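S.K.: Handing you this structure, nothing more for now.
The values are calculated or read from the model by the stated rules, or taken from the named source; none is laboratory data. Nothing here was measured: the structure is a model prediction, and the numbers come from that model. Cβ sites come from the backbone with ideal geometry, for glycine too, and all protein chains shown count toward neighbours. Note: accessible area is taken over every heavy atom of the protein model, side chains too, but ligands, DNA and RNA are not part of it. Shrake-Rupley method; radii C 1.70, N 1.55, O 1.52, S 1.80 Å.
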Amino acid sequence: MGLIFVETLPGPKVFKCKLCKVDSASLDAIISKDFHGRYGRAYLFKTVVNISLGPNEDREFLTGRHTVNDIYCSSCQQILGWRYEKAYDEGQKYKEGMFILEKAMLMKAGW
Ligand SMILES: [Zn+2]
């Protein structure tokens, strides 16, 4: 087994990977709760921790074409959501560099 560096968020309200329970994102980092992922509701975060990124992929959303990377938990490799690398629509540019985490892949800790 290799060593895995796990970052711990200060909290108190933190979202964790549902599978392996490492911290994924702080409640304070939520930009919007009004997103939809592959498995239902999803949240937009400005920062997340303990993730690794997949390759760039172009995807069509209801809001237009985006270049995204899938996000995996760096501890258990479970897919958690995706990161917006580039938005083609001017009105969607604010999402660039931000992260979608699927509610179904998270557990809440601290509230
Ligand atoms: Zn995990």
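S.K.: Please give the per residue accessible area of the chain, computed with a probe of 1.4 Å over protein heavy atoms only, in Å².
M.R.: On a per-residue basis, the chain sits at 57 Å².
S.K.: May I pose another question? Setting aside same-chain residues fewer than 8 positions from LYS95, which lysines have a Cα under 24 Å from its Cα?
M.R.: Partners found: LYS13, LYS16, LYS33, LYS46, LYS86, LYS103, LYS108.
S.K.: May I ask you to evaluate 6.51 cos²θ - 1.76 cosθ + 1.60, the Karplus curve with θ = phi - 60°, for each residue of region 24-33 and list the ³J(HN,Hα) values in order in whole Hz, giving x for glycine and proline?
M.R.: Along region 24-33, the couplings run 10, 7, 8, 4, 5, 8, 6, 9, 8, 9 Hz.
S.K.: At a threshold of 8 angstrom on Cα-Cα distance, excluding pairs fewer than six apart, so keeping six or more, what relative contact order does the chain reach in percent?
M.R.: 28 percent
S.K.: Can you list the GluC sites (Glu not before Pro) in region 1-70 that are in a DSSP coil and have 16 or fewer other beta carbons within 10 angstrom?
M.R.: Answer in residue order: GLU7.
S.K.: I would also like to ask the following. Run the numbers for LYS108 and GLN77: contour at 0.36 nm per residue of separation, minus the present Cα-Cα distance, in nm.
M.R.: Length gained between LYS108 and GLN77: 9.3 nm.
S.K.: Would you kindly calculate the mean projected area, averaged across all directions, of the convex hull enclosing the Cα atoms of the chain, in square nanometres?
M.R.: 7.0 nm²
S.K.: Can you list the HN-Hα couplings for region 98-111, worked out from phi with the Karplus curve (6.51, -1.76, 1.60; θ = phi - 60°), rounded to whole Hz and with x for Gly and Pro?
M.R.: Calculated HN-Hα couplings, in order: 9, 10, 9, 10, 7, 4, 5, 9, 10, 10, 8, 9, x, 7 Hz.
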